[in-house]
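Scroll down for the structure; my scribbles are underneath it.
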Amino acid sequence: MTVALDTQNVDQMAGIVNQLGQAGFYPALLQFLRSLINADMGVTLAYSVDRRPQYIAIQADAATKRGAREVAYLDGPYVLDPVYQMFKNGQADGAYAMASYVPDDFYESEFYRCFFRNTHLIDTIDILWRLDTYNTIAFCLGREEGLPAFGETELAVIRQILPFSFALMRRHHQLTTSPVHDEADRLVHRKVESTMINFGSSLLTKREREVVFYMLSGYSSKQTAERLHSAEGTVRNQRKSIHAKLETGSQAELFSLFVYCIPFAEPGTDTDPLARYAGRSGGTDT
């Protein structure tokens, strides 16, 4: 597959080069990538190991009007985003079709119901580029309801243009100084990470807490069992036990409880934020 560039594309490429080292660089690059595959919307984020994600460019007016809120995403649930999880797991630079990385029960997950569904997206192509050991730039190129999902042709086009895009991004970051990040962003991220590690530790076993992560992320019992090298029946029993111990009756209640606990987390300790949220004390891990 060869990228066929028209006059508009060439003008866009020239515009991107002219924006190197300036604030308009990422919006220009995002618009160019969208135009190549007829993407309705696009978002560029900065991921880091020590702070919550940062929005760099947003071209998603329709989704924003329908209730897709950046603030709600950044307050903690971003940790359940499959793209963010790819970053955390060290996924290589490249472009990825949405179908290749989302969990099997993604459309039943509370992350989908509370956040992704509001975008009205039916498909995305996501790009990851690792700036350095600790930071990655991510692009989300999406199609909304009413258009067909992306095919192999669109994915091939994006992959073919990546060397050009990555070279420009590398040069852009050479020309710009690293921004000063708000300590509040780092604190929120540390609370989210602490909640992921310690949520329910006063009531749940270590394995049950591992199952909770997969439940929140949208993995079915079958896929969770495969990841934990366990039996599907065992995972089903553990899910029932989790709901009983946490007094939750659904995935929605479990998700809400997790989010409510984030402000109560104490980074750098093994304190259960759920115990603080509920006024509980004590409990041991097994």
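The values are calculated or read from the model by the stated rules, or taken from the named source; none is laboratory data. From a predicted model like this one, the values you see are computed outputs, not experimental measurements. Note that we place each Cβ from the backbone using ideal geometry, even for glycine, and neighbour counts take in every protein chain shown. Each accessible area value is taken on the protein alone, full model and side chains, heavy atoms only, with ligands, DNA and RNA left out. Shrake-Rupley method; radii C 1.70, N 1.55, O 1.52, S 1.80 Å.
Observations on the structure shown:
- Comparing mean-square fluctuations of ASP11, ASP93, ASP81 from a GNM of the chain with C-alpha springs under 10 Å, the top value falls on ASP11.
- Against the criterion of solvent-accessible heavy-atom surface with a 1.4 angstrom probe, CYS140, CYS114 sort, most first, into CYS114, CYS140.
- In degrees, nearest ten, helix 206-217 long axis to first principal axis of the chain (Cα): 40 degrees
- Gain upon complete extension [TYR134, GLN160; 0.36 nm per residue less C-alpha separation]: 6.8 nm
- Cleavage-rule hits, trypsin sites (Lys or Arg not before Pro), segment 201-281, DSSP coil, Cβ neighbours within 10 Å at most 12: ARG280
- Most mobile listed residue (ASP104, ASP50, ASP132) in the chain, GNM with C-alpha springs under 10 Å: ASP132
- For segment 91-163, chymotrypsin sites (Phe, Trp or Tyr not before Pro) meeting the loop criterion (DSSP other than H, G, I, E, B) and having at most 13 other Cβ atoms within 10 Å: TYR134.
- Distance between modelled label sites at ARG170 and SER35, nm, 7 Å Cα→Cβ extension: 2.5 nm
- Dipole of the chain, positive end: most advanced residue of ALA23, ALA275, VAL235 [Cβ charges, Cα centre]: ALA275
- Using a Förster distance of 45 Å, the FRET efficiency for ARG276-VAL3 (Cβ separation, nearest 0.05): 0.25
- Between helix 152-175 and the chain: long-axis angle, C-alpha atoms, 0 to 90°, nearest 10: 90 degrees
- Solvent-accessible surface (1.4 angstrom probe) belonging to GLU247, in square angstrom, nearest 10: 150 Å²
- Among PRO267, PRO27, PRO163, the largest mean-square fluctuation in a Gaussian network model of the chain, built with springs joining Cα atoms closer than 10 Å, belongs to PRO163.
- On Cα atoms only, tilt of 25-37 relative to the major axis of the chain in degrees: 80 degrees
- Accessible area ranking (1.4 Å probe, heavy atoms, ligands and nucleic acids excluded), largest first, for SER194, SER241, SER100: SER100, SER241, SER194.
- Taking all protein chains as shown and a probe of 1.4 angstrom, ASP40 keeps an accessible surface of around 60 Å².
- Of the residues LEU254, LEU33, LEU128, the one whose Cα sits farthest towards the positive end of the charge dipole of the chain is LEU254 (charges of +1 on Lys and Arg Cβ, -1 on Asp and Glu Cβ, taken about the Cα centre).
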